[in-house]
Amino acid sequence: MQPTEWDLNPKFDFRDEHMVREGEKVSLAKIPTEFEGPFRGKEHGRAFAAHAIAEIQELQYRMYTEAKQSLLIVLQAPDAAGKDGLIRKVLGRMNPQGCRTYPFKVPSSLERAHDFLWRIHQATPAAGKVSIFNRSHYEDVLVVRVEDLVPKSVWKQRYEIINDFEKLLLHRGTRILKFYLHISPEEQLERFKKRLDEPTKHWKLNEGDYEARAKWGDYREAYEDVFEKCHSEDAPWHIIPADKKWYRDASVAAIVRDTFRDMDPQLPPLDADLDEIRRLYERELAKQ
Ligand code: ADP
């Protein structure tokens, strides 16, 4: 069935629906992990996402040619919440000439010999570009806190340092969007099972994922502090219900599209004499 105009442009503000409220303490337990928003099921969500992605591609092209603004997209989530799927199906559809994904793993010894933002800063987007962070500087107040990797006196100071760092990026003309993919522990276990059953996914398995499940509550608490301390209208966190993969994809596509629309990138002004170029073209054509 052909999607209608309403199907592709439902009157629904995804940013407002999922954005953390400034100064309000988030309780993740109270936010549903399953949600369908304005959609009439999976087919509708997928058609909407495809439409939104096409517009993202158009706007990214403009931003690339404009070469002034840039966009940083931060992805954080529990294991198997779908960061990779979201990159593959939505964010990775941007033109790779102007977009790059950076996965942040356990820091190397060189990275550890520097401040925690050293490796991050190098990956921030240049003018006209998009950077996608698959994990990020927030690991330094999440896993580092929960696993006790540095003393509390150290990680506690990092919220303010992160806010100042993000202000620096904003000051330079970089828009920041931060997404937390919110899944239930039951859905996570279901996805672990699928990985066990599927040999091509075995490489994703590790014991650490199960150890992290035992600390689900600690991670939630650490995330809730991040949402309270490191959210602002300029560098907002969005909590995306991610048990349904298609809703995750559609809602993030909508939020990225709406942000690009706000940025309103413009093709650069003409820097050549069009009449002269037409004349040169005609001359070459006549020679053929
Ligand atoms: P992913 O789960 O993102 O697909 P991996 O399975 O390789 O990728 O996991 C990356 C690991 O690196 C995660 O366990 C994450 O917590 C860890 N990590 C990322 N950044 C840091 C950091 N700054 N300090 C310690 N561990 C980190």
**Study point:** Helix-only CD estimate at 222 nm, as mean residue ellipticity for the chain, using -39500 (n - 2.57) per DSSP H run (n ≥ 4)
**Key:** -15000 deg cm²/dmol
Exercise for review: Run down the aspartates and glutamates and flag those whose C-alpha is under 15 Å from the C-alpha of K204, throwing out any fewer than 8 positions away in its chain.
Suggested key: D79, D84, E190
Review point. Assuming R0 = 35 Å, what is the FRET efficiency of Q288 and Y61, from their Cβ-Cβ distance, to the nearest 0.05?
Key: 0.65
**Study point:** Nearest 10 degrees, 0 to 90: helix 216-229 Cα axis against the chain principal axis
**Key:** 50
Review point. Relative contact order for the chain: what is it in percent, counting Cα pairs under 8 Å that are at least 6 residues apart?
Key: 33
Practice item. Kindly rank 6-17, 35-46, 243-254 from highest to lowest mean number of other beta carbons found within 10 Å of each residue. Key: 243-254, 35-46, 6-17
Revision key, fill the gap. Ranked output for segments 275-283, 165-173 by mean other Cβ atoms within 10 Å, highest leading, reads 165-173, 275-283
Point to revise | Using alpha-carbon coordinates, inclination of helix 274-287 to the longest axis of the chain, degrees | key: 70
Point to revise | Within segment 193-282: Cβ-based charge dipole about Cα centre, in debye rounded to nearest 20 (Lys, Arg +1; Asp, Glu -1) | key: 820
**Study point:** Centre separation in Å (Cα based) which lies between segment 112-128 and segment 156-172
**Key:** 12
Check your understanding: DSSP beta bridges in segment 5-287, what fraction antiparallel, as a percent rounded to 5?
Key -> 5
Check your understanding: Taking Cα atoms, how many degrees apart are the long axis of helix 185-197 and the longest axis of the chain, rounded to 10 and kept between 0 and 90?
Key -> 80
Practice item. Evaluate the distance, in nm, between pseudo-label points positioned 7 Å from the Cα of R100 and of V143 along their respective Cα→Cβ axes. Key: 2.1
Point to revise | About the Cα centre, charge dipole magnitude for the chain (Lys/Arg +1, Asp/Glu -1 at Cβ), debye | key: 660
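Stretch S109-E22 to full length: gain in nm at 0.36 nm per residue minus the Cα-Cα span?
Once the chain is fully extended between S109 and E22, it gains 27.7 nm.
So, for segment 5-287, what is the accessible surface per residue at a probe of 1.4 Å, expressed in square angstrom?
Values: 14970 Å² over 283 residues.
I get 53 Å² per residue for this part.
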Study note, to complete from the structure: So for R0 = 30 Å, FRET eff. of K204-E224 from the Cβ-Cβ r, to 0.05, ends up at 0.65
Study note, to complete from the structure: Two pseudo-spin positions, 7 Å from Cα along C-beta at K194 and at S153, lie apart in nanometres by 4.6
Revision key, fill the gap. Taking R0 as 51 Å and r as the Cβ-Cβ distance between A272 and A214, the FRET efficiency 1/(1 + (r/R0)^6), rounded to the nearest 0.05, comes to 0.20
Check your understanding: About its Cα centre, what dipole magnitude does segment 1-125 give when the only charges are +1 on Lys and Arg Cβ and -1 on Asp and Glu Cβ, stated in debye to the nearest 20?
Key -> 400
**Study point:** Charge dipole (the chain, unit charges on Cβ, about Cα centre) - positive-most of L205, A50, V26
**Key:** L205
Check your understanding: How large, in percent, is the carbon and sulfur part of the accessible surface of segment 5-287 at a probe radius of 1.4 Å?
Key -> 51
Point to revise | Virtual spin-label span in nm between L8 and D264, 7 Å along Cα→Cβ | key: 2.3
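The values are calculated or read from the model by the stated rules, or taken from the named source; none is laboratory data. Bear in mind the structure is a predicted one, so any value in this text is a computation, not a measurement. All Cβ positions, even for glycine, are placed from backbone atoms using ideal geometry, and neighbour counts span all protein chains on display. Remember, those area values only see protein heavy atoms, side chains included, never the ligands or the DNA or RNA. Shrake-Rupley method; radii C 1.70, N 1.55, O 1.52, S 1.80 Å.
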